[in-house]
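Report on the following structure.
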Amino acid sequence: MSYRIKKLKSTPIYVKPQITSDSGTCRISLLVGIRNDPGKTIDDINVQFQLPPRVLSADLTSNYGTVNILSNKTCTWSIGRTPKDKTPSMTGTLVLETGVERLHVFPTFLVGFKIMGVALSGLKIEKLDFKNLPTRPYKGFRALTRAGQYEVRS
């Protein structure tokens with residue numbers, strides 16, 4: 001069974017972008033951390049965004065995970081699991097085209113994650129009946145929470 005939640009009140013992670021732009025360059029800083037601990041580890045955290053069209057080059061580094069910039073100006077930051085000892089951060093500089101002083105279009109960050117064994121919606125199964133099965137089924141419940149359309153606008 002699968003289902004979607006339209007408006008989740010509180011996401012388990014936060015993403016805080018800070019972008020400053022002047023003199024033909026742009027500084028970007030991005031923090032990702034745990035907002036409210038779901039009780040299980042948060043896996044496969046990744047942040048993806050499209051570099052604005054007036055950006056010539058980008059130099060991005062992170063203190064945790066890997067940052068890749070593809071030829072179509074898509075930037076992907078793969079964090080993996082959330083570390084317990086530090087907050088993952090990505091910082092860098094974007095070089096703008098000549099004649100462009102400031103960045104006028106800011107990126108939208110798409111965030112992905114998954115949590116095994118947790119249903120953030122609070123959905124619980126109280127009873128489940130199987131009838132006329134040739135073998136006895138396994139009795140148990142597995143939950144998986146995945147980020148669907150989780151966007152952070154800067």
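The values are calculated or read from the model by the stated rules, or taken from the named source; none is laboratory data. All of these numbers come straight from a predicted model, not from anything done at the bench. Neighbour counts are summed over all protein chains in view; Cβ atoms, including those assigned to glycine, are modelled from backbone coordinates with ideal geometry. The accessibility values were calculated without ligands, DNA or RNA, using every heavy atom of the protein model including side chains. Shrake-Rupley method; radii C 1.70, N 1.55, O 1.52, S 1.80 Å.
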Practice item. Consider S21 carefully, then state whether it is polar (S, T, N, Q), at pLDDT below 90 and assigned to a strand (DSSP E or B). Key: yes
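Among the strands (runs of 3 or more DSSP E) confined wholly to the stretch 61-152, which include 2 or more residues that are in contact with a Leu (Cβ under 9 Å, 6 or more places away or on another chain) and surrounded by 13 or more Cβ atoms within 10 Å (Cβ to Cβ)?
Passing ranges, in order: 66-69, 74-80, 89-96, 108-116.
Matching residues to (1) modelled with pLDDT under 90; (2) farther than 30 Å from K124 by Cα; (3) over 13 Å from the mean Cα position of the chain (by Cα); (4) not β-branched (V, I, T):
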{"site": "I13", "(1), (2), (3), (4)": "yes, no, no, no"}
{"site": "L30", "(1), (2), (3), (4)": "no, yes, no, yes"}
{"site": "N36", "(1), (2), (3), (4)": "yes, no, yes, yes"}
{"site": "I42", "(1), (2), (3), (4)": "yes, no, no, no"}
{"site": "T61", "(1), (2), (3), (4)": "no, yes, yes, no"}
{"site": "S71", "(1), (2), (3), (4)": "yes, yes, yes, yes"}
{"site": "G80", "(1), (2), (3), (4)": "no, no, no, yes"}
{"site": "T98", "(1), (2), (3), (4)": "yes, yes, yes, no"}
Practice item. Looking only at the stretch 1-54, count how many residues are open to solvent by 80 Å² or more (accessible area, probe 1.4 Å) and of a type in the set (S, T, Y). Key: 4
Study note, to complete from the structure: Of the residues in the stretch 100-121 that are aromatic (F, W, Y) and farther than 15 Å from T41 by Cα, the one that is modelled with the highest pLDDT is F109
